[in-house]
Structure formats: structure tokens, C-alpha cells
Amino acid sequence: MVGKGTYGKPIVHSWGEPSTLKIGNGAVIGARAVVSKDVPPYSIVAGNPAVVVKKRFPDEDISALEKIQWWDWDDSKIKAAMHLLLNNKVKELESFSIDYDFKKSLLPT
């Protein structure tokens with residue numbers, strides 16, 4: 001899995017010059033795939049040339065995951081949300097994030 005705005009160089013070069021591609025958050029690249037264009041977030045690509053085989057989540061869930069950016073959360077927040085992360089409960093994860101941040105803001109610093 002490739003996460004958080006990772007960039008990669010394609011296997012195929014154009015006129016000998018490598019180009020930089022954006023591999024979206026949560027994208028999965030199939031074995032031996034030849035990636036020649038950007039890969040959307042949370043998509044699965046495979047083949048030569050690589051094409052999107054399917055999306056890992058519905059568009060609404062992908063937007064929510066991109067918005068909450070769970071990969072930037074601190075360890076304690078991830079641990080508290082583990083049951084949601086492991087069960088693909090994206091809507092609940094989004095609500096959890098808002099509630100968690102609100103409750104944390106009430107604590108003395």
C-alpha cells in the first residue's frame with residue numbers, strides 16, 4: 001500500500017526522461033504493474049499499463065478519509081479509533097475524529 005501523497009517514478013520513461021507521478025493516499029499497486037499516470041486515492045491499479053481495477057471505498061468514503069487524514073493522527077487517537085479503522089467504518093470514523101478533537105480541546109494543557 002502506498003500512503004499519504006507518495007510520489008514514485010514510473011517503470012516506463014518518456015523519451016528517456018523519468019517523470020514523477022502522484023500515487024494517491026491508500027492506493028494499492030498490483031505486482032508488476034507499469035504505472036504511467038497518476039493513481040487516484042484509495043484505488044487499486046494493475047496491469048501494463050496500469051489501470052484502475054476498482055476503488056477500495058465509495059467516493060463519499062474516500063472524500064471523508066482524505067478530509068480527516070487519519071495517518072497524521074497521534075498514536076493515542078489511532079489506538080482509540082482502532083476498532084473503526086479495522087472495520088472500515090468511515091462515517092463513524094469521521095464522527096469519532098470530530099468528537100475526539102472536541103473532547104481533547106476541553107482538557108487543560
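Where a number appears in this text, it was derived from the coordinates with a stated rule and is not lab data. The model shown is predicted, which means the values in this text are computed figures rather than measured ones. Cβ atoms come from the backbone with ideal geometry, glycine included; neighbour counts cover every protein chain shown.
Under the rule of at least 5 residues apart or a separate chain, name every residue whose amide H is placed under 5 Å from the amide H of Ala27.
Amide H neighbours of Ala27: Val2, Tyr42, Ser43.
Counting only residues 5 or more places away or on other chains, whose amide H sits under 5 Å from the amide H of Val51 once H atoms are built in the peptide plane?
Residues meeting the criterion, in which the H sits 1.01 Å from N, are Ala46.
Can you sort Arg32, Arg56 by how many other beta carbons sit within 10 Å, fewest first? Before the final figure, lay out the partial values.
On the way: Arg32 10, Arg56 16.
Least to most surrounded, the residues fall as Arg32, Arg56.
May I ask which of Lys22/Lys104; Lys54/Lys91; Lys22/Lys55; Lys22/Lys91; Lys37/Lys77 have a Cα-Cα span longer than 28 Å here? Don't jump to the answer; show the numbers that get you there.
Values: Lys22/Lys104 34 Å; Lys54/Lys91 20 Å; Lys22/Lys55 16 Å; Lys22/Lys91 26 Å; Lys37/Lys77 34 Å.
In this structure, Lys22/Lys104; Lys37/Lys77 exceed 28 Å between Cα atoms.
If each residue's Cβ is checked for other Cβ atoms within 10 Å, how do Thr109, Thr20 rank with the fewest at the top?
Working: Thr109 4, Thr20 9.
Taking fewest neighbouring Cβ atoms as first place, the list is Thr109, Thr20.
For Lys22, list long-range residues whose amide hydrogen, built 1.01 Å from N in the peptide plane, is under 5 Å from its own amide hydrogen.
HN-HN under 5 Å from Lys22: Asp38, Val39.
Return the aspartates and glutamates within reach of Lys89: Cα separation strictly under 20 angstrom, same-chain partners fewer than 8 residues apart disregarded; answer none if there are no such residues.
Filter leaves Asp59, Glu60, Asp61, Glu66, Asp72, Asp74, Asp75, Asp99, Asp101.
Ala80: net charge of surrounding residues, Cβ under 14 Å, Lys/Arg +1, Asp/Glu -1, itself excluded?
Value of the local net charge: 0.
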